Amino acid sequence: MINYSDYYVEKVNNFREFYERIKNYGDRIAFVDNEVEITYSEFCDDIDRAIEWLSQDSEYVLINVKNKYLFSVAYFSTILSGNIACLTPCSEEILYCYSKFKFGYILTDSLMKEVLNKGKRNSVKLKSANKIITVLCSSGTTDKPKAIALTETNILSDLIAGMEKYEFAEGGVYVSILPYYHAYGLVCDLLAPLYSSSTICLTYDLYNFFTALKKYNPTALNLTPSIIELIIQRLRQFGKKEDVVGGRLRKILSGGAGTSKNLCESMQKYDINIYGCYGLSECSPCVSVNRDNYYMYGSAGIPLGCNEVDIDYLGRIVVKGSNVMAGYLDVEGNLIEEQNGEYLTNDIGCLVDGFLFVLGRQDDIIVLPSGEKIFPGNIECEINSIEGVQESIVYLQDGVLTALIVCRDDMVKTNVEKTIRGNTFENNKIRRIIFSDQSLLKNNLGKLKRNEYGEKYNI
């Protein structure tokens, strides 16, 4: 395959222009929520009503909204009214990183419903470009969660650059399962589909997600590898693609974790391509992506046009560009650790023929008693690709490399153990296998709590 010119994407300079763009889509369907169709005009009218109610004092606004449509209205109206949207998993408890913020408003589902019964205004006010408009929390996998400050330029430059490399076709249909309080869900599963005049069918759990796939017949999806693995399991079970995902699905963007070559090849058998990408919330979030007709399975794709990717002397990935966050905020909301357009990640990687390969997190490296260094994520990807495995985690216990594997079928367990012990299993350093029928421990962003398992042999 040979790389090709970027897709043409009309640029916008701020979210006011974004808003005007989607307002022009008029009667096209923007959302389907609980079988209710909502047009772009109706969506923009609801944004106007919320702006009428919100003050414009550049205050922090906590968006603690579970319903994804109401969340979308809350997000756009907050930043379009000159306030700063602070995103959080829907909960009664305020996350540590926001513990001393002075919120002008805390938006909830019930409050948003009340707000949308208010009046409507004819004009909106937007803060000038390159100001902080969105704050979200880091995953907190290795430390306490940090408040990440993203500017208008950060988000829009990443959005446009991502769409230039990876096609979000006009008028597509998406079934959305990703949370919008996460950067990947916000940019790739909300903003990009809206920008391309697509329809977003909202779901809130896996049962309804799989029901919606058959019902709404999506043209593309944005998912995490763990959800893709569940789709593959269903495809193997039912055999016919149309019975699981409908007849139009041809592509899936995979982010939030590493996307293995095995996963891509398993899905390709059903005429669906998986395109792995790499990103971090600190980079708004996408850094690199595999292209529709220029990709390498197992890689995280090629860097976006808004950033450069380098590898430092320790093998760590360094990102420089307009998508790099303004910096972290302290618990009172003051900007600290400014980045100035450059971010040193905690990920180890390499570049091969222009494609980025992410080998694992520096903090996750396991050092065996022999001194050999192991990236557990690579082994987990291979284990998770075995039919019947739901999830897994690899860790060191009593000096022995151990795999804890979640699956509930005894026949599957026998096959898994045989596969891992066999010569075809690339990462055959596993010496102990433990099966469980309990889900693995995860944080509120769905990432494994590695520090809860095994011994800490980090370098």
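Take segment 174-194 and flag every residue that is part of a loop (DSSP other than H, G, I, E, B) and either aliphatic (A, V, I, L, M) or in contact with a helix residue (DSSP H, G or I) (Cβ under 7 Å, 6 or more places away or on another chain) (or both).
Answer for segment 174-194, where residues must be part of a loop (DSSP other than H, G, I, E, B) and either aliphatic (A, V, I, L, M) or in contact with a helix residue (DSSP H, G or I) (Cβ under 7 Å, 6 or more places away or on another chain) (or both): ILE177, LEU178, PRO179, TYR180.
Looking for whichever is more than 22 Å from ASN217 (Cβ to Cβ), open to solvent by 40 Å² or more (accessible area, probe 1.4 Å) and either modelled with pLDDT of 95 or more or not in a loop (DSSP other than H, G, I, E, B) (or both) here; the options are THR153, THR134. Which one fits?
Exactly one residue qualifies, and that residue is THR153.
Anything in segment 334-351 that is touching a residue at least 40 places away in the same chain (Cβ under 8 Å) and assigned to a loop (DSSP other than H, G, I, E, B)? List them, or say none.
Residue satisfying the conditions is GLN339 alone.
Could you say which residue among ASP27, ASP46 is farther than 30 Å from LYS144 by Cβ and in contact (Cβ under 8 Å) with a residue 60 or more places away in the chain?
ASP46 is the lone residue from the list that is farther than 30 Å from LYS144 by Cβ and in contact (Cβ under 8 Å) with a residue 60 or more places away in the chain.
Is it the case, given these coordinates, that VAL309 is in contact with a helix residue (DSSP H, G or I) (Cβ under 9 Å, 6 or more places away or on another chain), in a strand (DSSP E or B) and open to solvent by less than 20 Å² (accessible area, probe 1.4 Å)?
In short, no.
Any idea which of SER91, SER81 is closer than 15 Å to LEU136 by Cα and modelled with pLDDT under 95?
So the residue among SER91, SER81 that is closer than 15 Å to LEU136 by Cα and modelled with pLDDT under 95 is SER91.
Across segment 352-382, what is the number of residues that are over 22 Å from the mean Cα position of the chain (by Cα) and either assigned to a strand (DSSP E or B) or over 13 Å from ARG450 (Cβ atoms) (or both)?
The number of residues fulfilling the criteria is 12.
For segment 195-232: of the residues being assigned to a helix (DSSP H, G or I) and small (Gly, Ala, Ser), which is surrounded by the fewest Cβ atoms within 10 Å (Cβ to Cβ)?
Once the filter is applied, the top-ranked residue is SER226.
With (1) modelled with pLDDT of 95 or more; (2) in contact with a helix residue (DSSP H, G or I) (Cβ under 7 Å, 6 or more places away or on another chain) as the list, and LEU54 as the residue in question, which single condition is left unmet?
All conditions are met except number (1).
May I ask you to verify whether GLU417 is in contact (Cβ under 8 Å) with a residue 12 or more places away in the chain and in a loop (DSSP other than H, G, I, E, B)?
Spelling it out, it is not the case that GLU417 is in contact (Cβ under 8 Å) with a residue 12 or more places away in the chain and in a loop (DSSP other than H, G, I, E, B).
Provide a single number: the residues in segment 258-287 that are among the acidic types (Asp, Glu) and on the phi < 0 side of the Ramachandran plot. Break it down into steps so the answer makes sense when it comes.
So the first thing to find is which residues in segment 258-287 are among the acidic types (Asp, Glu), and the list is 265, 271, 282.
Pick out the ones that are also on the phi < 0 side of the Ramachandran plot and you get 265, 282.
Within segment 258-287, residues that are among the acidic types (Asp, Glu) and on the phi < 0 side of the Ramachandran plot number 2.
Restricting to segment 268-285, name every residue that is of a type outside the set (Gly, Ala, Ser), surrounded by 21 or more Cβ atoms within 10 Å (Cβ to Cβ), out of contact with any Ser or Thr (no Cβ under 6 Å at 6 or more places or on another chain) and outside any loop (DSSP other than H, G, I, E, B).
Matches in segment 268-285: TYR275, CYS277, GLU282, CYS283.
If you check ARG361 against the conditions, is it basic (Lys, Arg) and under 18 Å from PRO225 (Cα atoms)?
Spelling it out, ARG361 is indeed basic (Lys, Arg) and under 18 Å from PRO225 (Cα atoms).
The values are calculated or read from the model by the stated rules, or taken from the named source; none is laboratory data. Worth saying up front: this structure is predicted, and the values here are computed from it rather than measured. Please note: Cβ atoms are built from the backbone with ideal geometry, for glycine as well, and neighbour counts cover all protein chains shown. SASA here: full protein model, heavy atoms, side chains in, ligands and nucleic acids out. Shrake-Rupley method; radii C 1.70, N 1.55, O 1.52, S 1.80 Å.
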